[in-house]
Amino acid sequence: MYDPCYTCRRRRIQCDQSQTPCKKCIKAGLECFDKRPLRWVKGVAIRGKLQGLTVKDASATSAAWAVLDRVQRKDGSIKSISSALTESDYNDTDRSGVNLSLALEVGPISNLDRTSRYYLDYYDDQICKLFIVYDSEENPFRRLISLAMNNSVLQKAALALAARHRANSGRSFDNPAVEASTDLMQAHQDALVFKHQAIQGLTFALNDPTISGQDTTVASIFLLIFLDLLESGSDKWNFHLEGAKRLITHSQLQSGASQDPGRTVQEIRKFIIRQIRLIETLGATFVRPRVLSGSTSLDQPDALLDETVEQSFLGCPEYLLHAVQCLSAYRDSIAESQPQTPKTSHTHIQDITSVLGLIQNFDCYTWASSLPESHKSSSRDLGTLCKLAQSYKLGALIYGQRVLDSLTNATTPQDELVSELIGVIDAVRDDGSLLKCVLWPIFVAGLECRSQAQRDFLIISMEKFWMDTNCLNAVNAAKALQSYWQKEDKQESSPTQWIFDIGDLDHDWLFI
C-alpha cells in the first residue's frame with residue numbers, strides 16, 4: 001500500500017500504510033477501504049434530515065427543517081451544520097476536528113430524534129473546539145460524546161450547550177436581550193428544555209449513591225459549568241464546581257487501587273480534574289473571599305498534571321495557576337476579620353514577595369517549548385503560545401502586587417505592566433484559538449487601566465471575544481468593567497482594593 005487508506009483518513013488518524021488491510025484498521029476492527037466505498041441506501045440520503053425518506057417524504061420534511069437547519073457563517077452566508085459535517089467526507093482537510101466515529105453513526109446515534117442529532121452534530125462541530133486551546137482528535141470534549149450515547153444526563157447537558165451556543169449566535173454585544181429570529185428563538189427554547197432535562201436527571205442521579213459516583217455524573221456537572229459561561233457567567237457555576245469537587249473526592253476515597261476505569265475514561269477523568277482546578281483558581285480571584293472552598297482534595301501527583309494544550313481549556317501554565325492559588329489564599333487571610341500581628345504580617349509580606357519573584361522568573365518560552373508535542377496536531381505555534389503564557393504571567397503579577405499592597409498599605413504604580421499586558425492581548429486578538437483563552441487577563445488589565453484609549457481597546461477586545469465564542473460572560477464582563485470604571489472615576493474605590501471589592505458585585509462572576 002502506497003497511499004493512506006480511506007478508513008484511516010475518514011477517522012482522522014495517520015495510516016501506517018504497511019499492508020492491505022492496514023494494521024490500524026485491523027486493530028480497530030474496521031473494514032479497510034482504499035477509496036470511499038459506494039453505499040446503497042433506502043431513501044434519498046445516507047444521513048441528515050432526509051435520511052431514509054422517499055422523494056415524496058423528503059419534499060415535505062425539508063421545508064419544516066429549513067429554519068432549524070441553518071447557521072450563519074462569519075461572512076454572513078448561510079450553511080447547514082449537517083452539510084458541513086457531510087462535506088468533510090469529500091474533503092479531508094476541511095476541518096481541524098473530526099466527525100463522530102463510524103461506530104456511533106450506525107450505532108446509538110441512530111436512535112436519537114432529529115433535533116438531538118442536529119445539536120449533537122453542532123456540539124461536535126462547534127462546542128468541542130470552543131472550550132479547548134487547540135482542537136484535535138484527542139479533544140476530551142469530543143471523547144465525551146461516546147459516553148453521552150449511553151447516559152441521558154450527560155447527553156442532555158451536551159445538547160443544552162449546543163442549543164445555547166446556537167441561540168446566542170444571533171445576539172448583539174451591545175444589546176443581547178434583543179429578540180432574535182424565529183429559528184434562534186427555537187434554539188433558545190431547545191436549550192431551556194435540554195437544560196431542564198439535564199438538571200432533572202442530575203437530581204435523580206445524585207440521590208442514587210451508585211449513579212452519583214459515576215464519571216458521567218461528574219462530566220455532566222462539568223458541562224453545566226460551561227453552560228453557565230454561555231448563559232451569563234454568574235448563575236450556578238460555583239455550586240456546580242463545589243458539587244463536582246465533592247463527587248470527585250468521594251469517588252477517589254471509594255475507588256480501590258485495583259479498579260481500572262479504562263484508558264479513555266481515565267484520560268477524561270484527569271482532564272476534568274485539571275480543568276476544575278483551573279476554573280476554581282481563576283474564578284476565585286473575582287469573587288468574595290472564601291466563596292469557594294479552596295479544597296486541596298483535587299491536588300494530584302505531578303504525572304497527572306503533565307501539560308498539553310490539546311488537553312487544556314485555557315492553556316494557562318500550571319506553574320502560574322499554583323502561584324495565583326497561593327496569592328488568593330493570602331488575600332483570603334488578609335480579608336478575615338481577625339487583626340494580624342506584626343509578625344504574621346511580616347511573614348505574609350515575605351511570602352507574597354517570594355511568590356511574585358517566582359512569577360517574574362517564569363520563562364514563557366521554556367514553558368512553551370517544553371510542552372509535549374502531539375503528532376496529531378499541526379496548528380500549534382511556539383510564538384503564540386509564549387504570548388498566551390505571557391498574558392497569564394502579567395495578569396498574575398498585577399494581581400499579586402495588589403495583594404501585597406493591601407498588606408503594606410501602598411499603591412504601587414503598575415502602568416508599565418498594564419501596557420505590556422495590553423500589548424500581549426493585542427498580539428493574540430486576531431488569533432481565534434488564543435483570544436478565547438484570555439478573558440481573565442483582559443479583565444485584570446481592565447481593573448488597572450486608567451487611560452480611556454486602553455479602556456476602549458479592552459471593550460473592543462471583549463466584543464471580539466464575544467463574536468468568537470458566543471459566551472455571554474464576556475458581555476457581562478464588559479458591563480462589570482464599565483460599572484467599576486464609573487465608581488473609580490468618582491473616587492469611590494481604591495486601585496489597591498479591587499481584589500476585595502470586585503467580589504462585592506451583585507453576582508459571583510466567572511470571567512474566564
- Message: What is the distance in Å between the Cα centroid of segment 206-223 and that of segment 119-185?
- Response: 20 Å
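Can you sort Leu388, Leu223 so the residue with the fewest Cβ neighbours within 10 Å comes first?
Ascending Cβ contact count within 10 Å gives the list Leu223, Leu388.
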- Would you mind ranking Arg290, Arg166, Arg142 so that the residue whose beta carbon has the fewest other beta carbons within 10 Å leads the list? Arg290, Arg142, Arg166
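Relative to the present Cα-Cα distance, how much length would full extension add between Gln189 and Thr366 at 0.36 nm per residue of separation? Numbers along the way, then the final one.
Details: separation 177, 0.36 × 177 = 63.72 nm, distance 4.75 nm.
Answer, rounded to one decimal: 59.0 nm.
If R₀ is 41 angstrom, what is the calculated FRET efficiency for the pair Arg450 and Glu137, using the beta carbon separation as r and rounding to 0.05?
Efficiency, rounded to the nearest 0.05: 0.35.
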- Query: Using the Karplus equation 6.51 cos²θ - 1.76 cosθ + 1.60 (θ = phi - 60°), what ³J(HN,Hα) coupling, rounded to whole Hz, does each residue of segment 196-209 give in order, writing x for Gly and Pro?
  - Reply: 4, 5, 5, 5, 4, x, 5, 4, 5, 5, 5, 8, 10, x
- Message: What FRET efficiency comes out for Asp489 versus His250 if R0 is 56 angstrom and r is the Cβ-Cβ distance? Round to the nearest 0.05.
- Response: 0.70
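Just subtract the alpha-carbon distance of Glu336 and Ile460 from 0.36 nm times their residue separation and send over the number in nm, one decimal. Provide the component values of the computation, followed by the final result.
Numbers: separation 124, 0.36 × 124 = 44.64 nm, distance 3.70 nm.
Residue separation times 0.36 nm, minus the Cα-Cα distance, leaves 40.9 nm.
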- Message: For the pair Met467/Gln497, report the inter-label distance in nm, with labels modelled 7 Å from Cα in the Cβ direction.
- Response: 3.8 nm
- So what are the ³J(HN,Hα) numbers for segment 241-248, from phi and the Karplus equation (6.51, -1.76, 1.60; θ = phi - 60°), rounded to whole Hz, Gly and Pro as x? 4, 5, x, 5, 4, 5, 5, 5
- Query: What distance in nm separates the simple spin-label points at Thr411 and Thr344, each placed 7 Å from Cα in the Cβ direction?
  - Reply: 2.8 nm
- Tell me, what HN-Hα J-couplings in whole Hz come from the Karplus equation 6.51 cos²θ - 1.76 cosθ + 1.60 at θ = phi - 60° for each residue of segment 425-441, using x for Gly and Pro? 4, 4, 5, 9, 5, 8, 9, x, 5, 9, 4, 5, 9, 10, 5, 4, x
- Please give the length that would be gained between Lys35 and Thr20 if that part of the chain were fully extended, namely 0.36 nm times their separation in residues minus their C-alpha to C-alpha distance (nm, one decimal). 4.2 nm
- Given a cut-off of 21 Å, name the pairs among Lys129/Lys156; Lys27/Lys270; Lys195/Lys236; Lys436/Lys479; Lys156/Lys236; Lys129/Lys236 whose C-alpha atoms lie farther apart than that in the structure shown. Lys27/Lys270; Lys129/Lys236
- Item | Relative exposure of Asp430, Asp124, judged by other C-beta atoms within 10 Å (fewest first) | Asp430, Asp124
- Rank-order 186-192, 171-177 by packing density, defined as the average count of other C-beta atoms within 10 Å over each peptide's residues, highest first. 186-192, 171-177
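Each reported figure results from applying straightforward, stated rules to the coordinates on display, with no laboratory input. All of these numbers come straight from a predicted model, not from anything done at the bench. A quick note on method: Cβ atoms are made from the backbone with ideal geometry, for glycine too, and the neighbour counts reach across all protein chains shown.
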